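Let me begin by presenting the structure, written as structure tokens, before commenting on it.
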Amino acid sequence: QNVVVYPLEQTVVLKRNRDFSFGGVVHAGRFDFFGKEFTFDYDKFTVDLKNVDSLRMTVKSIEKDVYGENPLVKVKTVIEKINGSLEIDNPKNKSGRKEFPNYPIFNSFKDSYAYYDKKSIQNGKYPKDKFYFHLEPFTIDSLDNFSNEGLNFKGEMVSAGIFPTFKESLKLQPDYSLGFVSKTPPAGYAMYGNKGTYTATINLSNKGLRGDGNLKYVTSTIVSNDFLFFPDSTNCIAQTFDIKEQKTPPEFPQVHGDSVKVHWMPLKDVLYANNNKLKKFKDYNGQAQFDGTLSLTPKQLFGNGTADFSNAKLDAKLIKFKASVFDSDTANFSLKTVDIATLAFSTDNVNAHIDFTKRVGEFKSNGKGSIVKFPVNQYICFMDNFKWFMDNSLIELGSDKKPAQQSDLDLEGPEFISVHPKQDSLRFQSPAARYDL
């Protein structure tokens, strides 16, 4: 039956009635048992495997070789902490004169485990004390000629809190590791202690714990055909990324993205989303676009990047988004001409408040007065605040200072011009090549 013993240090301890004990390797068909405490029982014609460090298996390759054969390959997953017995052959057939094709037979008596903590598996991010597949006691026969489909070990998956523990069967995977392809219940699985919900397919192999489905976090829905789940994070390239508008506190805007890189850190309660450079986020129901990094938390949505409008843009390292408005303490703002070819207006280091309901942007200087540039007209000035009327491309400039000395407003260009306004604000139409001041 192709059962061979390789004793540790080439030593066996012979006992009464041809029994003997040893440590080392027991080779039985396509199973190899490694351990230190084995006992051969002559009458029962079995090997008692009391303490097995690991079980390694070989299977027929899925692909044929150049000779049209399916050579044996090693299964990449080992089963550990096994306790059981190996039935070599029928006890009345010790000479092997008769054929009993269902032998050798292995009986597992206690729970055993498969681990995925190797460096070769996602750089060892699955610790064996928290992430493992728990195998129930099992029996497998025909160890020398079983089919690949015959490797089927029932048990449960313990995923370090990524998902609740769930029942599954460990089977041979295309990469020759042991794993599974599982479906969540229709309502999905709670993730990381109810931080989110995942629905659809979960698969385990030496490629890691992965998924093809959708993830819900706060008001976002992420759809991807390749989620990669870790004990401390989830990563994917999302085919679609959506945040649902929520007008009641905490407020969230509507956002949509395609081909979005997602990094979710549930222990820190934050999800980062980076758009594809060729596909910006579309937000506020098409009123704006965003290019950069979004940071979603249960309390608010933040952004680091550029908010684009039809004829304007705003750059900021920290934008606080709400349902119909967003704010930034420090931002750079610019307004384009009608043909979008040149800048008509730009300023840096301002406090910004954009209201999509009123269709107005309000800006305040963070210093004694922000420099405001009119590139088309080659002018600059210093202003304390201004308003941007989105639909009219209209800017209303203002100053908190009261007329005192020479001027409230200094404009510099090819010719120095000093203006003493009679009112606190000036109005100009941005697409024009000439401004009335």
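The values are calculated or read from the model by the stated rules, or taken from the named source; none is laboratory data. All values derive from a computational prediction rather than experimental measurement. Virtual Cβ from ideal backbone geometry, glycine too; neighbours counted across all protein chains shown. Only protein heavy atoms, including side chains, enter the accessible area calculation; ligands, DNA and RNA are left aside. Shrake-Rupley method; radii C 1.70, N 1.55, O 1.52, S 1.80 Å.
Between 28, 187, 316, find the one with the highest GNM mean-square fluctuation for the chain; connect C-alpha pairs within less than 10 Å.
In the Gaussian network model the winner is 187.
The range 1-74 to the range 113-146: how many Å between their Cα centroids?
The two parts, judged by their Cα centres, are 19 Å apart.
Say the cut-off is 22 Å between C-alpha atoms; which of 282/320; 74/98; 207/268 go over it?
Cα-Cα > 22 Å for 74/98; 207/268; rest within.
Skip the ligands, DNA and RNA, and give the accessible area per residue of the range 85-142 with a 1.4 Å probe, whole Å². The partial results should precede the final answer.
Working: 3270 Å² over 58 residues.
Using a 1.4 Å probe on heavy atoms only, each residue of the range 85-142 averages 56 Å².
May I ask you to list the trypsin sites (Lys or Arg not before Pro) in the range 111-173 that are in a DSSP loop and have at most 16 other Cβ atoms within 10 Å of their Cβ?
Loop-located and lightly packed - 118, 119, 128, 130.
Excluding residues on the same chain fewer than 8 positions from residue 277, give the lysines whose Cα lies under 18 Å from its Cα.
Correct list for residue 277: 261, 313, 317.
Taking the chain as a Gaussian network, where each spring joins two C-alpha atoms under 10 Å apart, which residue of 67, 217, 272 fluctuates the most?
Result: 67 has the largest fluctuation of those listed.
Keeping all protein chains in place and using 1.4 angstrom, which order do 3, 350 fall into by accessible surface area, from largest down?
Details: 3 45, 350 0 Å².
I get 3, 350, largest accessible area first.
Under 19 Å Cα-Cα from residue 50, which lysines qualify once same-chain neighbours fewer than 8 residues away are excluded?
Those lysines meeting the cut-off are 15, 36, 81, 110.
How much area per residue is accessible in the range 1-53 when the probe is 1.4 Å and only protein heavy atoms are counted (Å²)?
Dividing the accessible area of the range 1-53 by its residue count gives 58 Å².
Straight-line reach from residue 373: which aspartates and glutamates have a Cα under 13 Å away, not including same-chain ones fewer than 8 places off?
348, 410, 412
What whole-number value in Å² describes the accessible area per residue of the range 157-218 for a 1.4 Å probe?
39 Å²
Among the trypsin sites (Lys or Arg not before Pro) in the range 262-355, which ones are in a DSSP loop with at most 14 other Cβ atoms within 10 Å of the Cβ? Mind listing them?
Qualifying residues, ordered by number: 277, 279, 299.
Which of these, 283, 141, 391, has the largest mean-square fluctuation under a Gaussian network model of the chain (Cα springs below 10 Å)?
Comparing 283, 141, 391 in a Gaussian network model of the chain, the most mobile one is 391.
Dipole of the chain, Cα-centred, from +1 at each Lys and Arg C-beta and -1 at each Asp and Glu C-beta, to the nearest 20 debye?
Using only the charged Cβ atoms, the result is roughly 700 debye.
If you compute mean projected area of the Cα convex hull in nm² for the structure shown, which of (1) 31.6; (2) 23.1; (3) 20.9 do you land on?
(1)
So, with a 1.4 angstrom probe, what is the percent of accessible area on the chain that is carbon and sulfur?
Exposed carbon and sulfur together represent 50 percent of the surface.
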